Amino acid sequence: QVQLVESGGGLVQPGGSLRLSCAASGSMFSIYTMGWYRQGTSKQRDLVARITSGGSTNYADSVKGRFTISRDNAKNMVYLQMNSLKPEDTGVYYCNARLEYLNYWGQGTQVTVSS
């Protein structure tokens, strides 16, 4: 069992930056693939960024070059650094932990990009 708690969301102006954090409890954090997903007005959760246990990353095309995902296995933490934010980045951001058939979600943190 893995529990995930996100933090760091908020209101930011276009062009600004935010750093999201996800704290994971439970054992064997380092072997999970960790991801950040965004749920906008469509109510669908779309992948924003993902990092494997080996440190490989992939990003949605819309955030490449602006967002960076990272993890600290010693602290059971995963981060999403978001720069050059745009209004279309607005949504609830969810942390996800995945390992084979295991799939865990956090409660989400709201990010609003608006002037």
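Expressed as a whole percentage, what fraction of the accessible surface of the chain belongs to carbon and sulfur atoms when a 1.4 Å probe is rolled over the protein heavy atoms?
Of all accessible area on the chain, carbon and sulfur atoms account for 47 percent.
Using alpha-carbon positions, what is the distance between the centroids of the range 63-107 and the range 1-58, in Å?
2
Skip the ligands, DNA and RNA, and give the accessible area per residue of the chain with a 1.4 Å probe, whole Å².
For the chain, the per-residue accessible area is 52 Å².
When the gyration tensor of the range 32-74 is built from Cα positions, what are the square roots of 5 times its three eigenvalues, in whole Å, from largest to smallest?
On the way: eigenvalues 83, 30, 12 Å².
Those come to 20, 12, 8 Å.
Relative to the Cα centre, what is the charge dipole magnitude of the chain, using +1 at the beta carbon of each Lys and Arg, -1 at the beta carbon of each Asp and Glu, and rounding to the nearest 20 debye? Write down the numbers at each step before the final one.
On the way: 11 positive and 7 negative charges, 13 e Å.
Approximately 60 debye in magnitude.
What trypsin sites (Lys or Arg not before Pro) does the range 56-97 have in DSSP loop regions with at most 12 other beta carbons within 10 Å?
Sparse-neighbourhood loop trypsin sites (Lys or Arg not before Pro): 64, 75.
The values are calculated or read from the model by the stated rules, or taken from the named source; none is laboratory data. It should be emphasised that the depicted structure is a prediction, and the values quoted were computed from it without experimental measurement. Please note: Cβ atoms are built from the backbone with ideal geometry, for glycine as well, and neighbour counts cover all protein chains shown. Accessible surface areas use protein heavy atoms only, side chains included; no ligands, DNA or RNA. Shrake-Rupley method; radii C 1.70, N 1.55, O 1.52, S 1.80 Å.
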